[in-house]
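The numbers here are math on the coordinates, done by the rules we state, and not lab data. The structure displayed is predicted, hence computed values, not measured ones. Note: ideal-geometry Cβ built from the backbone for every residue, glycine included; neighbour counts use all protein chains shown.
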Amino acid sequence: MNRKLFTFIVLIGICTYCFFLFRETGKIWSAEYKAGNAVARPIFISDTDMFKELERPPVGFYHDKHTVALEKEGCGVCHLQDEKGRFIFKYPKLRDEKTRQSLMNSYHDNCIGCHRERAKAGKKSGAVTCGECHVVKKGYEEWLRPVELDHYLHYQHEKALDKKCELCHHLYNEEEKKPIYKKGTESSCRDCHRGKEGGKTASFRKAAHADCINCHMEHNREGKTAGPSNCKGCHVEMKQRTISEMLAVPRPERGQPDKVIISSEDARMKGVPFDHRSHESYTRSCRTCHHKTLNNCKTCHPLKGSAKGNKVALADAYHRASSGRSCVGCHESKKSEPNCAGCHHSIKGALTNGYCLVCHSGSFREDQAVRRLETLNASLPEMAPEVIDIGVLKKKYMPVRFPHLAHVRKLFEISNRNRLANYFHADKAAICAGCHHYTPIEHKSPPPFCRDCHNVSFDLQDLKKPRLVAAYHLQCINCHKRMKLKPLKCTDCHAEKLMDKSLSHKNRSIKVR
Amino acid sequence: MDRREFLKTIGIGIGGVACGDILIPSIVNAQNAFGGNEFFGVLVDTTRCIGCMRCEMACAEAHNLPLPDISNDSVFEKKRNTTETRWTVVNRYETEKGKIFVKQQCMHCNQPACVAACLVKAMKKRKEAHVTWDTNCIGCRLCMVSCPFDMPKFEYNSPLPKIQKCNLCWDRFQEGKLPACVEACPVEALKFGARRDLLDEANSRIFQNPHNYVHHVYGGHEVGGTSYIYLSAVPFEQIGFRGDLGTTPYPEFTTGFLHAVPFVDVLWPLILLGINRAIRREED
Amino acid sequence: MNGKTATEEINSFKDFMIFIRSELKPKGRIFTIFNVISAPIILLGAILIVYRLAKGLGWPVTNLSQDFPWGIWIGFDVMTGVAFAGGAYVLTFVVYVLGAKKYHPIIRATVLNGFLAYVFYTGAIFLDCGRWWNIVNPMIGNEFGVNSVLFLVAWHFLLYTLAELVEFSPAIAEWLGWKKIRKILASLTLGAVIFGITLSTLHQSGLGALVMMAKWKIHPLWYTEFIPVLFFISSIFAGLSMVIFEGTISHRVFSQQIDEEHHRTYDDILVGLGKICAVAMVGYFFLKVLVFIHGKHWSLINTPMGYWYLLELIGLVLIPCLIFVQGVKDRNLLSIRVAAILTMAGIIINRLNYVFIAYKWYIPMSERYFPTWIEIVITLAIVFAEIWVFRWIVNRMPVLKESPEWAREE
């Protein structure tokens, strides 16, 4: 081989190397990484109904940046106004939706055109080239949190608008093709405005922006108290309402019943007495339960289910434990709160035999009203001993002085403070069963000792049942953990002396998670 | 029952309780459904562990290692590895479900890489599942290179070095006792038993508490299965486990090569001799 | 020019002792630069070896750690050293199996180098083993860990050293004047060669197979199921590059032992070796490229370890390969020698990658392994000691110089 050929081969090698090097490097230096200093997150313009398949990545539009930059000029720069002066939050202003191409041109003409003008005038401006806007981004879900009009916000609106429901609530008249107001039919906007963009009925997003922002801006102009007109103002974490705030909110009036027996004609079980009024105060808004319409549940969820209710039958609608809007589901989530979770965490199954009748009683009986557990002082000294000396493992560990009665009293107290608990903890045996599990609780005789079932030594044949030392620790420590009580030190239970001298612990602290 | 029997029974009963040590009831060989030997194992339920580190203390005591200071939480600030003087460690991980404590030690794989690597069979896999080290070791440290969990630790600072790692308390096992860590755990985050039974128990805990656990038992199939199996409330990668170990037992990575050996040993001499003879004839 | 050999049969043990004592005297100048540098290092190394045996492997003797159990004693002395000793099996294949007389002049030096390399690097293994007093265990059956790649490697090491000894033994017999024994040993040569090539194939690839179970610890650009194959192929050109390098030096140092004709044919030999290297390296390069494409590791190239990989593959495999090709075409001996040196550097880097560079590449710099001065000194001492022994033998036995008359007649 001569010198030339050799040189040529070496050059090919270097070129190949450089090619691969830059190919990989280029990926890092793409616009994607430059965008890391974005302050707000963008809205993605994809218009997939018109564009169908996108040739380039959707454009991430930083609306708040624009509102800040164009504060003086105002919204009219980009948005048209109707005859009443209200803004139509459609973009672009002159939006030609005849074809894909024309829609694309509208966007380009408006956006790039404006940017070019401003750049010419020497003002801070945005992108003008394709790749600066059409940047690849991973996972472009909408970041804006959905806005929920809870009872509190609704009441603010009621006050501000002098209870003129017609200003927001409407029905749609098909013949006259316009909205009309009918008293007594007010419900959530989302009952009708729930489709996707571009449908016959405006999407909730369109409707909400059109109505809410325009009204807020009007009130602002007129100097009245008004809501926010920028993205952040509504689309942020809902503030935690204070108790005083919530106390001031009156009951929304929509002709709803106070108490009702929930039943269905063809159902075999007795109806369930339901205190609608008191449940209203447990929800953020009516939509918590009335998630599609304000009608009662069996309208869409009859016993056999219907297409209207997505084939979810009555039983599931009321009993599904995983749903936030079924009765059982909501009760389950209440049971996982710290005050209840201590016992309820280990009680398996939302629906157990015998509990059906607690709800399905068929009528509002007096004694089913707020029930409280009897106080213990008088009746149960022998049933609920004051202190139990757990000394069965005395050889290894210092005996634990377990304040049994104090625990029982505390649990009774917690139960009595909670209406849901009152309803279900009819009998004090329910509280005992929290710890004394897998055993019947009878009134006159004490439950078995823990050691009667949990052996001292490890059992290879039964891996399910923990041995005694573990049973104590698991039961006690887990309950404290679940109830989010302050951290336990070993010596909190095992007296001042060191446990098990051979394994010197020195006040080893067990932190609750 | 006569008096003798009665006294014997009482005596054993009292003796048993007085003993304090927990005896594995007569089974030093677990039987599977076919009457063959089964592996033992340890189920570690990380949702139960409270980070008390009694297991570390018990392990050190049982094997004459320096006792750790477990009196406070400051050790958890940094992640620790096992060392030649600490055969098991508990580490704390911050996760979306709060603090999770994880006990780490040799996993006693069903098909250990270290056993396959050892050229003198110093690393042995016992039929009861324990992976133990023996003193005929030459100190080549190939077991350290091979172990997917980096568990064997070498006593570099000794002129008579040993390889140190958890041995599932093989010596205690011979006396019918539980592993020291299992015995010491106050909340039974550690359970000892036949591996098959432990897998059943692990799966049933998942089934009965589907929201409390990730639906996977780590060590069930990883690297071909290990004797230490783990349950977790969060994905295992968040608590220090590797998710990329695969299910191939590690010795299989060398079997391809080892199987070629007899072929080379037989064919090469024949081919070389053949070539030589073929060429020689030409030259003559 | 004939050096001293036994001019008469050694008939008695007394004669033997007199002969040996005379041979022990140093030949040539004592205070050469090489001697002045290497002698103190060898002495220091010997002292440090005793220190290491007494103290163990911990700091300050080595920087080995729980994360990096193998350092330069395994990475350089054993893995690289054995790769460099691969010239023996390649050349014996060419000379004895294929019958290419062209390389006969250098065959004895190469075999001697191979033999000494294995002896001294077995010593390095002995030093590296933490429990060195047990090192005979895999040999004597305490116990035979047949499931282990290292067991195979260890046995093949031992047997190969013996095979090399058998291959070299005719030179010893010539030196001692043992005519009948020489005849017997010469007849064993082909068998020893075939045995040696078989063993070499397996232990060269076996050294690679040792790290097969460190799957996720080795950077994906280096880890592949074909590591043993790559190690074997690279040992071909590694060994030959070492032959070229060492031959260049020997030819200069021992030039008075070599006669005219052999000086002339040496160029041919060098070019021939260059050809074999080039072919082997082309094959190796394409195997590496195949492994890379099969592993789809494109995105890893643009990382620091990726650049390191490219340096090793392009800079120290492809480029020396091309230089070999050019050197062979133009019969440019300088190119061939330069290529050999670059290749050797590449092999060193490649083997060290598998042991502590690409091995656990993710460990931060502060916790990585760097050899201590003691490890370096002992390594150098071993290398220098080997060179000393080599020099001693070459100066006395018919390695580079002609065999005695009676041997040549046969």
Any chance you could give the angle, 0 to 90 degrees and rounded to 10, that helix C:33-55 forms with the longest Cα principal axis of chain C? 60
Given axes a ≥ b ≥ c from the Cα gyration tensor, I'd like to know whether region A:249-312 is rounded (a/c under 1.5), prolate (a/b larger than b/c) or oblate. oblate
Would you please state the base-10 log of I(q)/I(0) at q = 0.12, 0.19 1/Å for region B:33-239, with intensities from the Debye formula using one equal scatterer on every alpha carbon? -0.61, -1.54
Report, in degrees rounded to the nearest 10, the 0 to 90 angle that the Cα long axis of helix B:252-283 makes with the longest principal axis of chain B. 10
Counting alpha carbon pairs within less than 8 Å and at least 6 residues apart, what relative contact order, in whole percent, applies to region A:201-316? 11
Which of B:THR47, B:GLY193, B:PHE241, positive extreme of dipole for chain B (C-beta unit charges): B:GLY193
Cα-based shape type of region B:170-284, given that a ≥ b ≥ c are square roots of the gyration tensor eigenvalues and the cut on a/c is 1.5: prolate
In whole Å, what is the distance between the alpha-carbon centres of region A:431-474 and region A:298-338? 35
Distance between Cα centroids, region C:219-263 to region B:94-110: provide it in whole Å. 49
Per principal axis, descending, Cα span of region A:141-222 in whole Å: 37, 32, 26
Based only on Cα atoms, what Rg/Rh ratio does the protein assembly as shown have, Rh being taken as Kirkwood's radius? 1.09
Specify the residue with the greatest mean-square fluctuation among B:GLN174, B:GLN105, B:GLN164, computed from a Gaussian network of chain B linking alpha-carbon atoms under 10 Å apart. B:GLN174
Overall Cα dimensions of region C:43-398 - principal axes, largest extent first, Å: 59, 51, 38
Ranked by GNM mean-square fluctuation in chain B (Cα springs under 10 Å), the top entry among B:LEU168, B:LEU245, B:LEU160 is B:LEU160
Rounded to the nearest 20 debye, dipole of region C:43-398 from Cβ charges on Lys, Arg, Asp, Glu: 240
Anisotropy class of region C:169-258 from Cα gyration tensor, a/c 1.5 cut: oblate
For A:ALA313, what charge total do you get from the other residues with a beta carbon under 11 Å from its beta carbon, if Lys and Arg give +1 and Asp and Glu give -1? +3
Normalised by the number of residues in chain B, what is the relative contact order in percent for Cα pairs under 8 Å and 6+ residues apart? 23
Which listed residue (C:TYR354, A:HIS134, A:LEU463) has the Cα farthest towards the positive end of the charge dipole for the protein assembly as shown, taking +1 on Lys and Arg C-beta and -1 on Asp and Glu C-beta about the Cα centre? A:HIS134
Violating pairs (Cα-Cα greater than 20 angstrom) within the set A:LYS164/A:LYS298; C:LYS215/C:LYS360; A:LYS159/A:LYS183; A:LYS335/A:LYS489; A:LYS410/A:LYS486: A:LYS164/A:LYS298; A:LYS335/A:LYS489
Candidate cut points under trypsin sites (Lys or Arg not before Pro) in region C:23-57, DSSP loop plus at most 16 other Cβ atoms within 10 Å of their own Cβ, are C:LYS27, C:ARG29
In this model, which of A:LYS481/B:LYS191; A:LYS163/A:LYS259; A:LYS177/A:LYS224; C:LYS27/C:LYS183; A:LYS84/A:LYS200 are farther than 27 Å apart at the alpha-carbon? A:LYS177/A:LYS224; C:LYS27/C:LYS183
Treat the count of other C-beta atoms within 10 Å as a stand-in for reagent exposure and order B:SER158, C:SER38 from fewest to most. B:SER158, C:SER38
Relative contact order (percent) for region C:43-398, with alpha-carbon contacts under 8 angstrom and 6 or more residues of separation? 29
Run the dipole for region C:23-172 about the Cα centre, Lys and Arg Cβ at +1, Asp and Glu Cβ at -1, nothing else charged, and hand back the magnitude in debye, nearest 20. 540
Listed residues A:HIS66, C:ALA340, B:ASN157: farthest to the positive end of the dipole of the protein assembly as shown (Cβ charges): A:HIS66
Where the only charges are on Cβ atoms (+1 Lys, Arg; -1 Asp, Glu), what is the dipole of the protein assembly as shown about its Cα centre, to the nearest 20 debye? 2560
Cα long-axis angle, helix B:3-19 against chain B (0 to 90 degrees, to the nearest 10): 80
Peptide-level mean, for B:178-188, of C-beta atoms on other protein chains within 10 Å: 4
